[in-house]
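For reference, the structure discussed in these notes is given below.
Rule-based calculations on the coordinates, nothing more; no lab input. All values reported here derive from a predicted model rather than from experimental measurement. Note: ideal-geometry Cβ built from the backbone for every residue, glycine included; neighbour counts use all protein chains shown.
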Amino acid sequence: MINTKLITAVIFLYLGSFIFYVVFLAFRSERMGKLATYWTFFSWIGHTTAILVRWWESYQLGIGHVPLANLYESLVFFSWCIALLYLLWEWRLKSRVLGAFAMPFAFLSIAYAALTSDRIDPLIPALQSNWLHAHVLTCFLAYASFAISCGISVTYLWKLRKEEKGGQAEGLTARFPSLDALDAMIYKTIAIGFPLLTVGIVTGAAWANYAWGSYWSWDPKETWSLVTWFVYALYLHARLVREWRGKRAAVLSIVGFAAVLFTYFGVNFLLSGLHSYA
Amino acid sequence: MAEKPEGGIFRSLADSLSSLKLAITFLIILAVASISGTVIPQNLSPEEYLRIYSVSTYRILRILGFLDVFRSGWFIALLSIFSLNLMVCSLKRLRAIWPFLARPERVLDDPKWTALANRRQFHVSAALHDSSSTMEKVLSKTLGRPKRSEESSRRHFFAEKGKLSRLGVYGVHLSILLILAGALIGSLYGFRGYVNIEEGQMADRIVLQGKRRVEPLGFAVRLNQFQVSFYPNGSPKEFKSTVSIVNGGREVLQEAIRVNHPLTYRGISFYQSSYGVAGVDRAVLTVKERNSGKTLSVTSPIGERTEIPGSGSFLILTRFQEDFQGLGPALQAILFEPNRPPENFWVFENHPELEEKRPGRYQFAVQEITPRYYSGLQVTKDPGVWVVWTGCFLMMAGFFMVFFLSHRRVWVRLTGEERGTRVEIGGLSHRNRLAFEKEVDKIEETFKVMLSQGKP
């Protein structure tokens, strides 16, 4: 199908994106930076086109539905959200330093998709609902925000270690934003992701209520999404009320993303339950 | 006689309950407890558990409540203490900031002025009176009508916006309590169960989940028809139960129940959950007369005498079996032909060739078997669900207030001088300081522009 060919191309485009951002960072080349941004932007346009083509192709097959229904489609969409959120961040911050730390997530997600079945399957009755759109959209935007937050946390810890070892005069880490700025960015990305995750969980509960008569069944997926919510709630309280900053906050942000990964993949592959769609 | 507890014990209990540290501890414990409920399979039968765990492990897990974590006493106790902690923390903080919100300080003394961020001071040539009225206009446009106080040669202004955003946090906390309250109401006054109804049958009571009790509905549900359709690849496309609600002997309404489209009547909701084949009602057979080669179709209801037109022979289908001796769906038939003893044989849906081997005037093949379905409906009643949704909406509103609004306050002090007015502006914002800085810049700019325009 055309859409799978386009998506495979995007995998390599995002890899290129990551490489350009790394080169930009390593050699401080403004030109490289501009190339990286434009390349990423146009790759994202291609990515969007691929998703729309897949949507259209599903209708051609007579089983039309929004491409958010299986693992392949969710990974492609997750990658799309990360690239989108990163580009928005870059535009707002007027800084490209995070590219090398955010784009790998976009690349890995869409590359992993290539390892799963790309068939377009018709929607089983449980998935035939408008709640699908709201729930999947908000959940993945939240996951993407948390992915970027994790990327920034890694950047933070790397720079912190370099500084602790002895001065940051020269070297790669000197070009990163200041530790305080990074810390503030981690907070901001979580402040965006947390309400989105809440809406994701609530729309999921509303949908479950229409489909199965129960808005919360302590199903492993539901429970782990709540665990993820607890971790980020903990982060926000620790930061806003107890003034946690720095290393502890960054580590907590990474723990939160580990919870996101378990909620997304771990539950499907290691546990069992009603939620085994994507 | 029990003594009145000392203020000391009460105080330290209240202090611990109102501590954030406790709340953080609880968040961690709740997270770990919830994880345990996903890693240890929940609510299985003892046999299933003994396949995974040793007998002693199983016993320990069962006694400690790990086999039904989310309904266990300790989990509920955790949630209860957490709720109490949340309530006490929130009330304590609300009490502390309330006076500050209700009666803001309009005029600041010098030490407080120096503490303000975004402070700026400049001189304008306009007189105090003009400066004052212009400043009032500018503040009204940006932050809202300011409060003014006057001294001999000074004017003080105070304007604020977004005070409500400070209550956002309390909205979020209250919403959590609402959600828990809604869940409690649901578990105390609601129920969950299921019922299987065969096509054409009526049910007026349901089996409660996890209990051996039956709950009467107060009305009856009749399944008129169940339809299932499949995609070409074999996966299910749609399950639809067309039901009628019968109340007091009268049919009150008729609706279709599909997945994601439940039916609610009198607070009780019915969800399409499963289905099965209860039996076969009738079959359509092709009858081929061997001599002439002519074929025709006959519809034969199970157990009823079906004529083979124009022959005097008739057939009765006595039984349907989903899988007869590994050969698949089959119908047992007795053929009555005039002047011959009744013949008893089986017709297989998937193996018409076996009929060819049976001698006789007629050869039969199965054209269509119409199953009689039963529909499995999940039935629930949850009076607390709207409390939960209210809590969710409140949480969204709370988040909006917490993350997207901020409480901004601006103080202005105008002092009349010989050749004009000394203007001092200062402000505080509890969030998003950069945007606030720009806002104060704008106030300064607009003030200067308006003043210069006002001059003839």
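Name the trypsin sites (Lys or Arg not before Pro) in region B:292-366 that are in a loop by DSSP and that have at most 12 other C-beta atoms within 10 Å, would you?
Hits after loop and neighbour filter: B:LYS294, B:LYS357.
In whole Hz, with x marking every Gly and Pro, tabulate ³J(HN,Hα) for region B:358-369 from phi via Karplus 6.51 cos²θ - 1.76 cosθ + 1.60, θ = phi - 60°.
Computed from phi, the couplings for region B:358-369 are 7, x, x, 5, 10, 10, 10, 9, 7, 8, 7, 10 Hz.
Given R₀ = 25 Å, what would the calculated FRET efficiency be for B:GLN453 paired with B:LYS163, taking r from the Cβ atoms and rounding to 0.05?
The pair B:GLN453/B:LYS163 has a calculated efficiency of 0.20.
Taking a threshold of 19 Å on the Cα-Cα distance, which of the pairs A:LYS188/B:LYS141; A:LYS162/A:LYS247; A:LYS34/A:LYS188; A:LYS94/A:LYS247 fall above it? Walk me through the numbers on the way to the answer.
On the way: A:LYS188/B:LYS141 30 Å; A:LYS162/A:LYS247 13 Å; A:LYS34/A:LYS188 25 Å; A:LYS94/A:LYS247 25 Å.
Those over the limit are A:LYS188/B:LYS141; A:LYS34/A:LYS188; A:LYS94/A:LYS247.
Let me confirm one metric for peptide B:19-27, namely the mean number of other chain beta-carbon atoms within 10 Å of its residues' beta-carbons.
Mean partner-chain Cβ count within 10 Å for B:19-27: 3.
When Lys and Arg each count +1 and Asp and Glu each count -1, what net charge do the other residues less than 9 Å away from B:LEU101, Cβ to Cβ, add up to?
+3
Given only helices, namely DSSP H runs of n ≥ 4 each adding -39500 (n - 2.57), what is the per-residue ellipticity at 222 nm of the protein assembly as shown, to the nearest 500 deg cm²/dmol? Spell out each step's value before the answer.
On the way: 20 runs with 372 residues, N = 734.
The helix-only estimate for the protein assembly as shown comes to -17500 deg cm²/dmol at 222 nm.
Could you work out the relative contact order of region A:9-104? I mean the mean sequence separation of Cα pairs under 8 Å and 6+ apart, divided by the number of residues, in percent.
34
What distance in nm lies between label points placed 7 Å from Cα along the C-beta direction at B:LYS137 and B:LYS442?
Calculated label separation equals 1.8 nm.
In percent, what relative contact order does chain A have, based on Cα pairs under 8 Å that are 6 or more apart in sequence?
RCO, chain A: 18 percent.
Nearest 10 degrees, 0 to 90: what angle lies between the long axis of helix B:168-189 and the longest principal axis of chain B (Cα atoms)?
Orientation of helix B:168-189: about 30 degrees from the principal axis.
Roughly how many nanometres apart are two label points built 7 Å out from the Cα toward the Cβ at B:PHE230 and B:LEU208?
Rounded to a tenth, the inter-label distance reads 3.9 nm.
Provide the per-residue ³J(HN,Hα) series for region B:241-252, in order, calculated from phi with Karplus coefficients 6.51, -1.76, 1.60 and θ = phi - 60°, each as a whole number of Hz, with x at glycine and proline positions.
3J(HN,Hα) across region B:241-252, in whole Hz: 10, 9, 10, 10, 9, 10, 10, x, x, 10, 7, 8.
B:TYR231's amide H: which non-local residues (gap 5+, or another chain) put their own amide H closer than 5 Å, with H modeled 1.01 Å from N in plane and none for Pro or chain starts?
B:LYS237
Please list the non-local residues whose amide H lies under 5 Å from the amide H of B:GLY279, H modeled 1.01 Å from N, same-chain partners needing a gap of 5 or more.
Amide H to amide H, under 5 Å and 5 or more residues apart or across chains, B:GLY279 pairs with B:ARG372.
I need the peptides B:364-371, B:225-232, A:246-253, B:338-345 ranked by packing, meaning the mean over residues of other C-beta atoms within 10 angstrom, with the highest value on top.
Ranking the peptides B:364-371, B:225-232, A:246-253, B:338-345 by packing returns A:246-253, B:364-371, B:225-232, B:338-345.
Express in whole angstrom the spacing between the alpha-carbon centres of region A:187-251 and region A:37-79.
26
Taking 51 Å as R0, compute the FRET efficiency from the Cβ-Cβ separation of B:ALA117 and A:ASN130 and round it to 0.05. Before the final figure, lay out each step's value.
Values: r = 47 Å, r/R0 = 0.92.
Taking R0 as 51 Å, the efficiency between B:ALA117 and A:ASN130 is 0.65.
At 20 °C and 1.002 mPa s, what whole-number value in µm²/s does Stokes-Einstein give for the translational diffusion of region A:70-206, with Rh from the Kirkwood sum over Cα pairs?
130
List residues of region B:289-330, by number, whose backbone nitrogen lies under 17 Å from a label position 7 Å along Cα→C-beta of B:LYS357.
Within reach of a label on B:LYS357: B:324-330.
Give me a single rounded figure for B:222-230: the average over its residues of other chain Cβ atoms within 10 Å of their Cβ.
0
When all C-alpha to C-alpha distances in chain B are sorted into bins of 20 Å, what percent of pairs does each bin hold, rounded to whole numbers?
Reading the bins upward from 0: 16, 27, 24, 18, 10, 4, 0.
Could you compute the net charge surrounding B:ARG205? Neighbours are other residues with a C-beta less than 12 Å from the C-beta of B:ARG205; K and R count +1, D and E count -1.
-1
Name the residues whose placed amide hydrogens come within less than 5 Å of the amide hydrogen of B:ILE308, ignoring near sequence neighbours (fewer than 5 apart) on the same chain.
The answer is B:SER313, B:PHE314, B:LEU315.
I need the calculated FRET efficiency for the pair A:ASP180 and B:ARG95, taking r as the beta carbon distance and R₀ as 25 Å, to the nearest 0.05.
Details: r = 33 Å, r/R0 = 1.33.
FRET efficiency, A:ASP180 to B:ARG95: 0.15.
Over chain B, what is the mean sequence separation of C-alpha contacts under 8 Å (at least six apart), divided by residue count, expressed as relative contact order in percent? Intermediate results must be reported in sequence, preceding the final value.
Details: 782 pairs, mean separation 93.3, N = 456.
Relative contact order here is 20 percent.
According to the Cα gyration tensor, what semi-axes, each the square root of 5 times an eigenvalue, does the equivalent ellipsoid of region A:67-136 have, listed from largest to smallest in whole Å?
Gyration-tensor ellipsoid for region A:67-136: 29, 15, 6 Å.
Would you mind checking the tilt of helix B:128-142 against the longest principal axis of the Cα atoms of chain B, expressed as 0 to 90 degrees and rounded to 10?
Long axis of B:128-142 versus the principal axis of chain B: about 10 degrees.
Once you have the Cα-Cα distance between A:LEU240 and A:TRP158, take 0.36 nm times their residue separation minus that, and quote the gain in nm to one decimal.
Difference between extended and current length: 27.1 nm.
Tilt of helix B:73-102 relative to the longest C-alpha principal axis of chain B, in degrees (0 to 90, nearest 10)?
Tilt of helix B:73-102: around 30 degrees.
About its Cα centre, what dipole magnitude does chain A give when the only charges are +1 on Lys and Arg Cβ and -1 on Asp and Glu Cβ, stated in debye to the nearest 20?
Computed charge dipole of chain A: roughly 860 debye.
Distance in nm between label sites at A:PHE265 and B:SER152, each 7 Å beyond Cα in the beta-carbon direction?
7.7
What net charge do the residues around A:ALA100 carry, taking every other residue with its C-beta under 12 Å from that of A:ALA100, with Lys and Arg at +1 and Asp and Glu at -1?
The answer is +1.
Just checking the output field for A:122-130: average partner chain Cβ neighbours within 10 Å of each residue's Cβ? Before the final figure, lay out each step's value.
Working: counts 7, 3, 7, 13, 5, 2, 6, 3, 1.
Neighbouring Cβ atoms belonging to other protein chains average 5 per residue here.
Order the peptides B:176-186, A:144-154 from the highest to the lowest mean number of other Cβ atoms within 10 Å of their residues.
The most tightly packed comes first, giving A:144-154, B:176-186.
Give me a comma-separated list of calculated 3J(HN,Hα) values for region B:434-447, in order, Karplus coefficients 6.51, -1.76, 1.60 applied at θ = phi - 60°, integers in Hz, x for any Gly or Pro.
Running phi through 6.51 cos²θ - 1.76 cosθ + 1.60 with θ = phi - 60° gives 4, 5, 5, 4, 5, 5, 5, 4, 5, 4, 4, 4, 4, 4 Hz.
Under the Kirkwood approximation applied to all pairs of distinct alpha-carbon atoms, what is the hydrodynamic radius of the protein assembly as shown in Å?
Mean inverse Cα-Cα distance, inverted, gives 31.9 Å.
Using a cut-off of under 18 Å, list every residue of region A:202-219 whose amide N is near the label point 7 Å from the Cα of B:LEU253 along the Cα-to-beta-carbon line.
Within reach of a label on B:LEU253, which here means backbone N under 18 Å from a point 7 Å along Cα→Cβ, region A:202-219 contributes A:210-211, A:213.
Taking the Cα centre of region A:1-142 as the origin, how large is its charge dipole in debye, to the nearest 20, when only Lys and Arg (+1) and Asp and Glu (-1) carry charge on their Cβ atoms?
Using Cβ point charges on Lys, Arg, Asp and Glu, region A:1-142 gives about 520 debye.
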